[in-house]
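The values are calculated or read from the model by the stated rules, or taken from the named source; none is laboratory data. Treat the numbers as computed from the prediction; the structure is a model and nothing was measured. FYI the Cβ positions are ideal-geometry reconstructions off the backbone, even for glycines, and counts take in every protein chain you see. Remember, those area values only see protein heavy atoms, side chains included, never the ligands or the DNA or RNA. Shrake-Rupley method; radii C 1.70, N 1.55, O 1.52, S 1.80 Å.
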Amino acid sequence: MAEKQKKGAYSAAQITVLEGLEPVRKRPGMYIGSTGPTGLHHLIWEVIDNSIDEAMAGHATTVTLRLLPGNRASVEDDGRGIPVDPHPQYKVSALELVLTKLHAGGKFGGEASGYKVSGGLHGVGVSVVNALSTYLRADVHRDGYVWTQEYKVGKPQSKVRRGDKTKKNGTTITFEPDASIFETVEFDFKIILERLRQQAYLTKGIKLVAFDERGPEKVGYGFYFEGGVLSYVRFLNRAKDVKHENIFYVSRADEATDISMEVAFQYTEEYHENLYCFTNNIINPEGGSHLVGFRTALTRELNSFARNKGYLKEKDPNLTGDDVREGLTAVISIKVKEPQFEGQTKGKLGNPEARSAVESVFGEALKIFLEEHPRDAEGVIGKCILAAKARAAAKAARETVLRKGALEGLTLPGKLADCSSRDATISELYIVEGDSAGGSAKQGRNREYQAILPLRGKILNVERASLDKMLANNELKSLVIAMGTNIGEGFEIEKLRYHRLVIMTDADVDGAHIRTLLLTLFYRYFPELIRQGHIYIAQPPLYRVQVGKNVRYAYSDVEKAKVVEEMSAEKMASKAAKNAATEEPDETPQDMPPTEGGEEAEVAEVAGVKVYIQRYKGLGEMNPEQLWETTMNPANRVMVKVNIEDAEHANSVFDLLMGAEVAPRKRFIQTHAKSVQNLDI
């Protein structure tokens, strides 16, 4: 007779098998990256990618997206329509199979499947959308009829139904994300428009339309571009000073690998690189083999041309990869039959043949371009040689910075109040504005794991400065030394001395400007710190609200009004309870509380209750205890983690706000001035 299983024993009984779409609901992050806004919008990308695959296969010309009331989204195309006939192996409609089975789709069988290339290769796209939606409806126009099926949390509510006759073809997917899965289920129309514009550039001849029907007025936009990625580069550089008039462009297939590609680039007066890689219209933010091939060919051909034409003398060293990428705006879009991505979100391409294909086709085309456009070639080479000289100067400046940091030992910059812990994972560096705020922060902090670095005045705008000029700035030099990561070629994230870098500035115009300057610095020179979640923005309160002895803080005008209302109601309830217990009116005097920093308290009376409201204009006006309690204490503080959801949009915003062109910035300010809150000049 078998023994009873011991308590806590590990056996086959403890092995759980998740059937159907259960794994998606159990671990959504594995399939869509996150359950935040990025993951929410990824649902739309998955459905749109399927429709664009139809367009790339030559079967669709228009894709229409609608944002509907009730947090629903609809994607419609005029392609062939998802098959609805029974699958020979599974004996259910192919439509139901696609919507309920992971890795079921028409993109695994090569050209016989009907898709020469596709973005939705993994076959989990629309089924994942179904699993993470409380409601999904598929309407397929095919074979002369409309076929419909509805789902709730990934489960079909009936078999596929045949409806009215139709002369159209295509698929419409309407879905409502599950609010119990996502942090928010409200789609951002601006993010969607940026994505659709990008896709229209990448698929010549396709029309992408978007409507926002959630408000009282219907808003719509359409995108259609014939120029491909050449038009895309022109759009990206629309507000920049360019180094050469003609944009390099090649659209060709590599005969050896049958990989087709579009590549376009143009150099600008900028000091940073804007480069976007796509495989089958899917953006690859981490690049991959096609990016390696592009960079190899670019460096090789520019060096060869510069040597042959005498721009580089015999004694001059070759241009490096960093030299030829400074100020470069480029788009690489390739089409591969069977792409191999790292992860479901397709962040990096792994196909080794893509490297050789891009290197060969792009390299040959670039050689011809440089010979046929000598003035453009001169502008390109001139920019690269200038970058090489600046890099040499920056290297000397960087070595000076590092030597200084080493000589100063553990104290690092003199104004840095370091923490006692040497464990970077728990250490925090607060970058504060001015000595006044720095003094309060130094006194109020937890010295064990919180370090303070005060900055004097406004730091250099790195959007308009090269690395060597940047390192000549004492404030930036101190910050680089304090972080410990080095900068530029020598950057090592493993040497980061604090895993939280917190920007803490005043809630006024100057504070916002300093914050923007620091964000520009991190985005342009330390993007990996943002990608790995090390950059934060502190949120100090704007108001201190006091009723009797109770004190609460508010971070906006809306929150202040709510706090005043709640505290007044609590005080009135307390008075009523006390009067009922003693049968005597509460006549306890409400004295004016002492002003603890900030402006003199404003007195408001709400239903007979006195409320004292103080407005904080600067961190220096808070005493150390208040600054700790409201802004630096992990138990109470509110911080915003900085991330990059859309690199193209981030680039355009930094160019707009911090670049050399004044007119676009002026238009932006005039457009948005009325919507600014808490503006103190």
Q. If you scan the stretch 481-512, which residues turn out to be outside any loop (DSSP other than H, G, I, E, B), closer than 30 Å to Arg615 by Cα and not basic (Lys, Arg)?
A. Leu501, Val502, Ile503, Met504, Val509, Asp510, Gly511, Ala512
Q.
Condition (residue is of a type in the set (A, V, I, L, M), over 18 Å from Arg325 (Cβ atoms) and surrounded by fewer than 23 Cβ atoms within 10 Å (Cβ to Cβ)) applied to the stretch 256-278: is it met by at least one residue?
A. yes
Q: Report whether or not Val128 is in contact (Cβ under 8 Å) with a residue 12 or more places away in the chain, assigned to a helix (DSSP H, G or I) and of a type in the set (A, V, I, L, M, F, W, C).
A: yes
Q: For Thr166, work out the one condition from (1) more than 17 Å from Asp49 (Cα to Cα); (2) open to solvent by 50 Å² or more (accessible area, probe 1.4 Å) it doesn't fulfil.
A: (2)
(Q) Just to be sure before I move on: is Thr257 assigned to a helix (DSSP H, G or I) and of a type in the set (S, T, N, Q) in the structure I sent? (A) no
Q. Mind checking which residues of the stretch 293-331 are in a helix (DSSP H, G or I), farther than 18 Å from Gly379 by Cα and in contact with an Asp or Glu (Cβ under 8 Å, 6 or more places away or on another chain)?
A. Gly293, Phe294, Thr296, Ala297
Q: Inspect the stretch 213-233 for any residue being farther than 20 Å from Ile82 by Cβ, of a type in the set (A, V, I, L, M) and open to solvent by less than 30 Å² (accessible area, probe 1.4 Å) and give the result as yes or no.
A: yes
**Q.** Residue satisfying all of: in the stretch 169-201; open to solvent by less than 40 Å² (accessible area, probe 1.4 Å), more than 24 Å from Gly81 (Cα to Cα) and of a type in the set (Val, Ile, Thr); nearest to the chain's Cα centre (by Cα) among these
**A.** Val185
Q | Residue list for the stretch 428-467, restricted to those being open to solvent by 40 Å² or more (accessible area, probe 1.4 Å) and over 30 Å from Asn623 (Cβ atoms) | A | Leu460, Arg464
Q.
I need a count of the residues in the stretch 513-555 that are assigned to a strand (DSSP E or B) and among the small types (Gly, Ala, Ser).
A. 2
**Q.** Members of the stretch 480-495 that are out of contact with any Pro (no Cβ under 7 Å at 6 or more places or on another chain), under 16 Å from Cys419 (Cβ atoms) and open to solvent by less than 10 Å² (accessible area, probe 1.4 Å)
**A.** Met483
Q) Of all residues in the stretch 143-168, which are within 32 Å of the chain's Cα centre (by Cα) and not charged (D, E, K, R)? A) Tyr151, Val153, Gly154
Q | Neighbours by Cβ (under 8 Å, 6+ apart or cross-chain): first from the stretch 348-361, modelled with pLDDT under 95; second assigned to a strand (DSSP E or B) and among the polar types (S, T, N, Q) | A | Leu349/Thr279
